[in-house]
1. Compute the signed sum of charges (Lys and Arg +1, Asp and Glu -1) over the other residues within less than 14 Å, Cβ to Cβ, of Gly229.
2. For Arg384 and Leu58, what does the FRET efficiency come to when R0 = 56 Å and r is the distance between their Cβ atoms, rounded to the nearest 0.05?
3. Just name one of Ala210, Ala274, Val93: the one whose Cα is farthest towards the positive end of the charge dipole of the chain (beta-carbon charges, Lys/Arg +1, Asp/Glu -1).
4. For the chain, what's the relative contact order in percent, using C-alpha pairs closer than 8 Å and at least 6 residues apart?
5. When the chain is treated as a GNM, springs tying every alpha-carbon pair under 10 Å, which of Arg26, Arg315, Arg154 comes out with the largest mean-square fluctuation?
6. Over segment 43-280, what number does the Rg to Rh ratio reach, with both radii from the alpha-carbon atoms and Rh per Kirkwood?
7. If only Cα atoms are counted, what is the Rg of segment 312-385, and what is its Dmax, in Å?
8. Please report Rg (one decimal) and Dmax (integer) in Å for the Cα set of segment 182-323.
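The values are calculated or read from the model by the stated rules, or taken from the named source; none is laboratory data. No experiment lies behind these values; they were computed from the predicted model shown. For neighbour counting, all protein chains shown are included, and Cβ atoms are generated from backbone atoms with ideal geometry for every residue, glycine included. Calculation scope for accessible area: heavy atoms of the full protein, side chains included, ligands and nucleic acids excluded. Shrake-Rupley method; radii C 1.70, N 1.55, O 1.52, S 1.80 Å.
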Amino acid sequence: MRFRTEHIMPPPIVELLEVAKSWAQRDDFLNLGQGTAGYIPCRDAVRALAEQIWNPRLHTYTPDQGLIELREEVALYVRRTHGFDADPQTEIVITAGGNQAFAGAVLMLVGPGENIIVPEPYYFNSVMAIQLTGGIARSVPVGPNLQPSAEVVRSAIDDKTRAVLLVSPNNPTGSVYSQHVVDEIVDLCLENDLMLISDETYARLVFEGARHYSPRSRRDAEDNVISIGSFSKDLGMAGWRVGFLVGSESFVSEYMKVQDTVAICASTAGQILALEALKREEQFVDRELARLARLRNIAYSRMEEIDALEPIRTRGTFYLFPAIRGCTDSRELALNLLKEESMFVLPGSVFGSTGEGHIRISIGPLTPDAVEEAFDRMGRFFSRR
Ligand SMILES: Cc1ncc(COP(=O)(O)O)c(C=O)c1O
(Lines give C-alpha, C1' and ligand atoms only; values in the text may rest on other atoms or scores of the structure.)
Protein backbone atom coordinates (compact mmCIF):
# COMPACT_ATOMS: atom_id res chain seq x y z
CA MET A 1 0.00 0.00 0.00
CA ARG A 2 1.33 3.46 -0.83
CA PHE A 3 0.45 6.37 1.43
CA ARG A 4 -0.05 9.93 0.25
CA THR A 5 2.16 11.20 3.07
CA GLU A 6 5.29 9.35 2.01
CA HIS A 7 6.89 12.41 0.38
CA ILE A 8 6.79 14.29 3.69
CA MET A 9 9.74 14.14 6.07
CA PRO A 10 9.15 12.36 9.39
CA PRO A 11 8.64 14.72 12.36
CA PRO A 12 12.27 15.70 13.05
CA ILE A 13 12.06 16.07 16.83
CA VAL A 14 10.42 12.67 17.22
CA GLU A 15 13.10 11.07 15.07
CA LEU A 16 16.01 12.80 16.82
CA LEU A 17 14.61 12.12 20.28
CA GLU A 18 14.57 8.44 19.36
CA VAL A 19 18.31 8.69 18.65
CA ALA A 20 18.85 10.66 21.88
CA LYS A 21 16.90 8.15 23.99
CA SER A 22 19.87 6.21 25.28
CA TRP A 23 21.63 9.44 26.37
CA ALA A 24 18.46 10.84 27.92
CA GLN A 25 18.73 8.21 30.69
CA ARG A 26 22.04 9.64 31.87
CA ASP A 27 22.17 11.92 34.90
CA ASP A 28 24.26 14.48 33.06
CA PHE A 29 21.94 14.70 30.00
CA LEU A 30 21.09 18.29 29.03
CA ASN A 31 18.03 18.73 26.82
CA LEU A 32 18.25 21.93 24.80
CA GLY A 33 16.01 20.58 22.07
CA GLN A 34 12.62 20.98 23.67
CA GLY A 35 10.55 23.98 22.58
CA THR A 36 8.92 24.89 25.86
CA ALA A 37 9.47 27.65 28.38
CA GLY A 38 10.08 25.06 31.08
CA TYR A 39 7.36 25.85 33.61
CA ILE A 40 4.02 24.36 34.53
CA PRO A 41 0.82 26.44 34.55
CA CYS A 42 0.05 28.89 37.32
CA ARG A 43 -0.69 26.93 40.52
CA ASP A 44 -3.84 28.83 41.39
CA ALA A 45 -5.23 28.07 37.95
CA VAL A 46 -4.48 24.35 38.36
CA ARG A 47 -6.14 24.42 41.79
CA ALA A 48 -9.24 26.10 40.33
CA LEU A 49 -9.40 23.35 37.70
CA ALA A 50 -8.90 20.63 40.33
CA GLU A 51 -11.88 21.94 42.29
CA GLN A 52 -14.04 21.27 39.27
CA ILE A 53 -12.74 17.79 38.55
CA TRP A 54 -16.03 16.05 39.43
CA ASN A 55 -18.19 18.53 37.60
CA PRO A 56 -19.80 16.58 34.74
CA ARG A 57 -19.22 19.47 32.32
CA LEU A 58 -15.49 18.80 32.52
CA HIS A 59 -15.97 15.36 31.02
CA THR A 60 -18.03 16.17 28.00
CA TYR A 61 -17.75 18.28 24.83
CA THR A 62 -17.81 22.05 24.82
CA PRO A 63 -19.32 23.95 21.90
CA ASP A 64 -17.17 23.34 18.80
CA GLN A 65 -15.97 26.93 18.88
CA GLY A 66 -14.86 26.60 22.51
CA LEU A 67 -16.26 27.83 25.83
CA ILE A 68 -17.63 31.33 25.43
CA GLU A 69 -16.04 32.41 28.77
CA LEU A 70 -12.66 31.34 27.39
CA ARG A 71 -13.22 33.13 24.08
CA GLU A 72 -14.03 36.26 26.06
CA GLU A 73 -10.77 35.92 28.00
CA VAL A 74 -8.89 35.32 24.73
CA ALA A 75 -10.38 38.55 23.35
CA LEU A 76 -8.92 40.44 26.34
CA TYR A 77 -5.58 38.64 25.95
CA VAL A 78 -5.17 39.44 22.25
CA ARG A 79 -6.13 43.04 22.93
CA ARG A 80 -3.32 43.29 25.52
CA THR A 81 -0.71 41.21 23.73
CA HIS A 82 -1.46 41.49 20.02
CA GLY A 83 -3.12 44.92 19.98
CA PHE A 84 -6.31 44.04 18.11
CA ASP A 85 -9.99 43.59 18.88
CA ALA A 86 -11.76 40.34 18.07
CA ASP A 87 -15.40 39.43 18.63
CA PRO A 88 -15.56 36.34 20.89
CA GLN A 89 -18.93 35.37 19.41
CA THR A 90 -17.93 35.30 15.77
CA GLU A 91 -14.17 35.75 15.27
CA ILE A 92 -12.43 33.43 17.76
CA VAL A 93 -12.20 29.62 17.77
CA ILE A 94 -10.50 27.61 20.51
CA THR A 95 -8.41 24.83 18.95
CA ALA A 96 -6.39 21.84 20.11
CA GLY A 97 -3.20 23.90 19.99
CA GLY A 98 -1.69 26.23 17.44
CA ASN A 99 -0.76 23.32 15.18
CA GLN A 100 -4.39 22.25 14.78
CA ALA A 101 -5.40 25.86 14.09
CA PHE A 102 -2.75 26.18 11.41
CA ALA A 103 -3.40 22.82 9.75
CA GLY A 104 -7.13 23.63 9.65
CA ALA A 105 -6.53 27.02 8.05
CA VAL A 106 -4.28 25.40 5.45
CA LEU A 107 -6.93 22.76 4.70
CA MET A 108 -9.36 25.57 3.91
CA LEU A 109 -7.00 27.51 1.71
CA VAL A 110 -4.74 25.18 -0.24
CA GLY A 111 -5.46 22.42 -2.72
CA PRO A 112 -3.07 20.16 -4.65
CA GLY A 113 -0.56 22.19 -6.66
CA GLU A 114 -1.37 25.46 -4.89
CA ASN A 115 1.20 27.15 -2.71
CA ILE A 116 1.78 29.15 0.44
CA ILE A 117 4.85 31.36 0.70
CA VAL A 118 6.88 30.51 3.77
CA PRO A 119 9.87 32.55 4.96
CA GLU A 120 12.81 30.29 5.76
CA PRO A 121 14.19 29.13 8.19
CA TYR A 122 10.71 27.86 9.02
CA TYR A 123 8.93 25.92 11.75
CA PHE A 124 8.90 22.47 10.15
CA ASN A 125 5.29 21.61 11.09
CA SER A 126 4.09 24.57 9.00
CA VAL A 127 5.64 23.02 5.93
CA MET A 128 4.41 19.54 6.83
CA ALA A 129 0.81 20.82 7.17
CA ILE A 130 0.95 22.42 3.72
CA GLN A 131 2.42 19.26 2.19
CA LEU A 132 -0.29 17.10 3.82
CA THR A 133 -2.88 18.88 1.68
CA GLY A 134 -0.91 18.24 -1.51
CA GLY A 135 0.06 21.91 -1.49
CA ILE A 136 3.51 23.39 -1.91
CA ALA A 137 5.38 25.35 0.74
CA ARG A 138 7.29 27.86 -1.37
CA SER A 139 10.09 28.94 0.90
CA VAL A 140 11.82 32.30 0.55
CA PRO A 141 14.90 33.16 2.61
CA VAL A 142 14.78 35.87 5.25
CA GLY A 143 17.46 38.56 4.97
CA PRO A 144 20.67 38.70 7.03
CA ASN A 145 18.71 40.75 9.59
CA LEU A 146 16.36 37.73 9.97
CA GLN A 147 13.37 39.75 8.70
CA PRO A 148 11.43 38.62 5.63
CA SER A 149 11.50 40.98 2.66
CA ALA A 150 8.30 42.04 0.91
CA GLU A 151 10.21 42.22 -2.37
CA VAL A 152 11.43 38.64 -2.06
CA VAL A 153 7.93 37.49 -1.10
CA ARG A 154 6.49 39.41 -4.08
CA SER A 155 8.86 37.67 -6.49
CA ALA A 156 7.63 34.26 -5.27
CA ILE A 157 3.92 34.97 -5.88
CA ASP A 158 2.32 33.24 -8.85
CA ASP A 159 -1.23 32.41 -9.90
CA LYS A 160 -1.22 29.34 -7.61
CA THR A 161 -0.29 31.30 -4.50
CA ARG A 162 -3.05 31.32 -1.88
CA ALA A 163 -1.39 32.73 1.21
CA VAL A 164 1.73 34.04 2.91
CA LEU A 165 2.83 32.74 6.31
CA LEU A 166 4.51 34.90 8.92
CA VAL A 167 5.76 33.53 12.23
CA SER A 168 6.75 36.33 14.58
CA PRO A 169 8.38 36.07 17.09
CA ASN A 170 10.03 33.36 15.08
CA ASN A 171 10.85 29.74 15.69
CA PRO A 172 13.78 29.01 15.24
CA THR A 173 15.47 32.43 14.97
CA GLY A 174 13.72 34.38 17.75
CA SER A 175 13.38 37.30 15.34
CA VAL A 176 10.56 39.76 16.10
CA TYR A 177 9.35 41.19 12.79
CA SER A 178 9.22 44.96 12.58
CA GLN A 179 5.96 46.81 12.02
CA HIS A 180 7.37 48.15 8.75
CA VAL A 181 8.11 44.68 7.35
CA VAL A 182 4.76 43.27 8.50
CA ASP A 183 2.87 46.23 7.02
CA GLU A 184 4.62 45.83 3.66
CA ILE A 185 3.64 42.16 3.57
CA VAL A 186 0.05 42.98 4.58
CA ASP A 187 -0.09 45.47 1.67
CA LEU A 188 1.25 42.82 -0.68
CA CYS A 189 -1.41 40.36 0.43
CA LEU A 190 -4.16 42.95 -0.04
CA GLU A 191 -2.89 43.89 -3.52
CA ASN A 192 -2.80 40.25 -4.59
CA ASP A 193 -5.90 39.08 -2.74
CA LEU A 194 -3.93 36.59 -0.65
CA MET A 195 -4.54 35.44 2.90
CA LEU A 196 -1.89 36.17 5.48
CA ILE A 197 -1.56 33.45 8.11
CA SER A 198 0.12 34.93 11.15
CA ASP A 199 1.42 32.40 13.65
CA GLU A 200 1.74 34.39 16.86
CA THR A 201 2.48 31.50 19.18
CA TYR A 202 5.31 33.47 20.83
CA ALA A 203 3.58 36.88 20.92
CA ARG A 204 4.03 37.24 24.66
CA LEU A 205 7.67 36.13 24.67
CA VAL A 206 9.41 39.36 23.71
CA PHE A 207 12.35 40.95 25.49
CA GLU A 208 14.56 44.02 25.64
CA GLY A 209 11.85 46.49 24.72
CA ALA A 210 10.71 44.62 21.60
CA ARG A 211 7.00 44.93 20.78
CA HIS A 212 4.97 42.29 19.05
CA TYR A 213 3.11 43.72 16.07
CA SER A 214 0.22 41.67 14.75
CA PRO A 215 -0.87 42.11 11.11
CA ARG A 216 -4.46 41.73 12.32
CA SER A 217 -4.17 45.07 14.07
CA ARG A 218 -4.47 46.54 10.56
CA ARG A 219 -8.23 47.24 10.38
CA ASP A 220 -8.16 47.28 6.56
CA ALA A 221 -6.76 43.72 6.52
CA GLU A 222 -9.11 41.99 8.95
CA ASP A 223 -10.68 39.89 6.19
CA ASN A 224 -7.29 38.75 4.93
CA VAL A 225 -5.47 37.93 8.16
CA ILE A 226 -5.76 34.76 10.21
CA SER A 227 -4.03 35.00 13.55
CA ILE A 228 -2.99 31.81 15.32
CA GLY A 229 -2.17 31.54 19.00
CA SER A 230 -1.05 28.91 21.48
CA PHE A 231 -1.05 28.50 25.24
CA SER A 232 1.68 25.87 25.07
CA LYS A 233 4.49 28.33 25.60
CA ASP A 234 3.54 31.40 27.63
CA LEU A 235 1.04 29.63 29.90
CA GLY A 236 3.16 26.46 30.16
CA MET A 237 0.24 24.36 28.88
CA ALA A 238 1.85 22.33 26.08
CA GLY A 239 0.41 19.05 27.36
CA TRP A 240 -3.13 20.39 27.55
CA ARG A 241 -3.39 21.15 23.82
CA VAL A 242 -5.16 24.49 23.75
CA GLY A 243 -4.67 27.29 21.26
CA PHE A 244 -6.87 29.54 19.18
CA LEU A 245 -7.55 31.03 15.80
CA VAL A 246 -8.85 34.51 15.05
CA GLY A 247 -10.29 35.35 11.65
CA SER A 248 -13.10 37.23 10.00
CA GLU A 249 -16.65 36.12 10.75
CA SER A 250 -16.96 34.49 7.33
CA PHE A 251 -13.65 32.65 7.71
CA VAL A 252 -14.53 31.40 11.19
CA SER A 253 -17.97 30.17 10.20
CA GLU A 254 -16.41 28.18 7.35
CA TYR A 255 -13.60 26.98 9.65
CA MET A 256 -16.17 25.25 11.87
CA LYS A 257 -16.47 22.51 9.22
CA VAL A 258 -12.81 21.66 9.74
CA GLN A 259 -13.04 22.03 13.51
CA ASP A 260 -16.01 19.70 13.83
CA THR A 261 -14.40 17.09 11.59
CA VAL A 262 -10.89 17.15 13.02
CA ALA A 263 -11.28 17.85 16.73
CA ILE A 264 -14.96 18.60 17.49
CA CYS A 265 -13.60 20.84 20.24
CA ALA A 266 -10.39 21.36 22.19
CA SER A 267 -10.04 19.37 25.42
CA THR A 268 -12.62 20.60 27.93
CA ALA A 269 -10.31 20.35 30.94
CA GLY A 270 -7.64 22.15 28.93
CA GLN A 271 -10.07 24.94 28.08
CA ILE A 272 -11.05 25.39 31.73
CA LEU A 273 -7.39 25.50 32.74
CA ALA A 274 -6.67 28.05 29.99
CA LEU A 275 -9.58 30.15 31.22
CA GLU A 276 -8.30 30.09 34.81
CA ALA A 277 -4.70 30.71 33.67
CA LEU A 278 -5.68 33.66 31.46
CA LYS A 279 -7.42 35.35 34.38
CA ARG A 280 -4.03 35.33 36.14
CA GLU A 281 -1.90 35.66 33.04
CA GLU A 282 -0.33 39.11 33.35
CA GLN A 283 1.50 38.68 36.65
CA PHE A 284 2.32 35.04 36.10
CA VAL A 285 3.85 35.43 32.65
CA ASP A 286 5.68 38.66 33.56
CA ARG A 287 7.47 36.78 36.33
CA GLU A 288 8.47 33.95 34.00
CA LEU A 289 9.64 36.45 31.38
CA ALA A 290 12.00 37.98 33.93
CA ARG A 291 13.46 34.51 34.51
CA LEU A 292 13.80 33.86 30.78
CA ALA A 293 15.40 37.29 30.22
CA ARG A 294 18.08 36.36 32.73
CA LEU A 295 18.74 33.04 30.96
CA ARG A 296 18.95 34.83 27.61
CA ASN A 297 21.51 37.28 28.97
CA ILE A 298 23.68 34.49 30.32
CA ALA A 299 23.42 32.52 27.08
CA TYR A 300 24.22 35.44 24.78
CA SER A 301 27.22 36.52 26.81
CA ARG A 302 28.55 32.95 27.00
CA MET A 303 28.11 32.53 23.24
CA GLU A 304 30.47 35.45 22.66
CA GLU A 305 33.25 33.51 24.37
CA ILE A 306 33.04 30.65 21.89
CA ASP A 307 34.73 31.53 18.59
CA ALA A 308 32.94 28.81 16.66
CA LEU A 309 29.51 30.33 17.40
CA GLU A 310 28.18 33.27 15.40
CA PRO A 311 24.97 34.38 17.09
CA ILE A 312 22.65 37.14 15.93
CA ARG A 313 20.94 38.59 18.98
CA THR A 314 17.19 38.56 18.53
CA ARG A 315 14.54 39.76 20.95
CA GLY A 316 11.91 37.03 21.00
CA THR A 317 11.40 33.47 22.33
CA PHE A 318 13.77 31.28 24.31
CA TYR A 319 15.55 29.99 21.20
CA LEU A 320 19.06 30.84 20.09
CA PHE A 321 19.99 30.03 16.54
CA PRO A 322 23.73 30.63 16.12
CA ALA A 323 25.59 29.81 12.93
CA ILE A 324 28.51 27.47 13.53
CA ARG A 325 31.69 28.56 11.79
CA GLY A 326 32.69 26.03 9.13
CA CYS A 327 29.73 23.71 9.78
CA THR A 328 28.16 22.15 6.71
CA ASP A 329 26.38 19.25 8.41
CA SER A 330 24.42 20.40 11.44
CA ARG A 331 22.86 16.99 11.94
CA GLU A 332 26.26 15.39 12.34
CA LEU A 333 27.28 18.20 14.67
CA ALA A 334 24.17 17.70 16.81
CA LEU A 335 24.86 13.96 17.00
CA ASN A 336 28.46 14.61 18.03
CA LEU A 337 27.31 17.00 20.75
CA LEU A 338 25.05 14.26 21.98
CA LYS A 339 27.76 11.58 21.97
CA GLU A 340 30.60 13.68 23.31
CA GLU A 341 28.86 16.09 25.68
CA SER A 342 25.54 14.40 26.42
CA MET A 343 23.55 17.40 25.26
CA PHE A 344 20.71 17.60 22.78
CA VAL A 345 20.21 20.52 20.37
CA LEU A 346 18.29 20.62 17.10
CA PRO A 347 20.24 20.71 13.85
CA GLY A 348 19.43 23.87 11.86
CA SER A 349 18.79 21.80 8.74
CA VAL A 350 15.40 20.67 10.10
CA PHE A 351 14.23 24.28 9.65
CA GLY A 352 15.01 24.25 5.92
CA SER A 353 18.16 24.39 3.83
CA THR A 354 19.01 27.95 4.93
CA GLY A 355 19.10 26.64 8.50
CA GLU A 356 22.01 24.36 7.59
CA GLY A 357 25.17 25.38 9.42
CA HIS A 358 23.16 26.50 12.47
CA ILE A 359 21.90 24.81 15.62
CA ARG A 360 18.78 25.67 17.60
CA ILE A 361 19.39 25.90 21.31
CA SER A 362 16.29 26.11 23.53
CA ILE A 363 17.11 27.50 26.96
CA GLY A 364 13.50 27.72 28.17
CA PRO A 365 13.55 24.66 30.44
CA LEU A 366 17.01 25.33 31.94
CA THR A 367 18.18 26.82 35.21
CA PRO A 368 20.89 29.53 35.11
CA ASP A 369 23.42 26.92 36.24
CA ALA A 370 22.34 24.55 33.49
CA VAL A 371 22.79 27.32 30.89
CA GLU A 372 26.32 27.91 32.21
CA GLU A 373 26.97 24.18 32.10
CA ALA A 374 25.64 23.90 28.53
CA PHE A 375 28.05 26.59 27.32
CA ASP A 376 30.96 25.09 29.28
CA ARG A 377 30.32 21.88 27.40
CA MET A 378 29.99 23.62 24.03
CA GLY A 379 33.21 25.55 24.70
CA ARG A 380 35.00 22.25 25.38
CA PHE A 381 33.43 20.58 22.38
CA PHE A 382 34.41 23.30 19.90
CA SER A 383 37.91 23.74 21.36
CA ARG A 384 38.59 20.10 20.38
CA ARG A 385 37.77 20.85 16.73
C1 LIG B 1 5.72 28.68 15.55
C2 LIG B 1 4.97 27.61 16.26
N3 LIG B 1 3.67 27.45 16.02
C4 LIG B 1 2.94 26.50 16.63
C5 LIG B 1 3.53 25.65 17.54
C6 LIG B 1 2.72 24.56 18.17
O7 LIG B 1 1.97 25.03 19.20
P8 LIG B 1 0.86 24.11 19.91
O9 LIG B 1 1.55 23.35 20.99
O10 LIG B 1 -0.10 25.12 20.44
O11 LIG B 1 0.26 23.23 18.87
C12 LIG B 1 4.90 25.76 17.82
C13 LIG B 1 5.55 24.82 18.75
O14 LIG B 1 6.74 24.72 18.86
C15 LIG B 1 5.63 26.76 17.15
O16 LIG B 1 6.94 26.89 17.37
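1. Once all neighbours under 14 Å are counted, the net charge is +1.
2. Here the calculated transfer efficiency is 0.55.
3. Ala274
4. Worked out over the chain, it gives 23 percent.
5. Of Arg26, Arg315, Arg154, the Gaussian network model singles out Arg26 as fluctuating most.
6. Rounded to two decimals, Rg over Rh is 0.97.
7. Reported Rg and Dmax, both Å: 12.0, 33.
8. Cα radius of gyration and Dmax of segment 182-323 are 18.2, 53 Å respectively.
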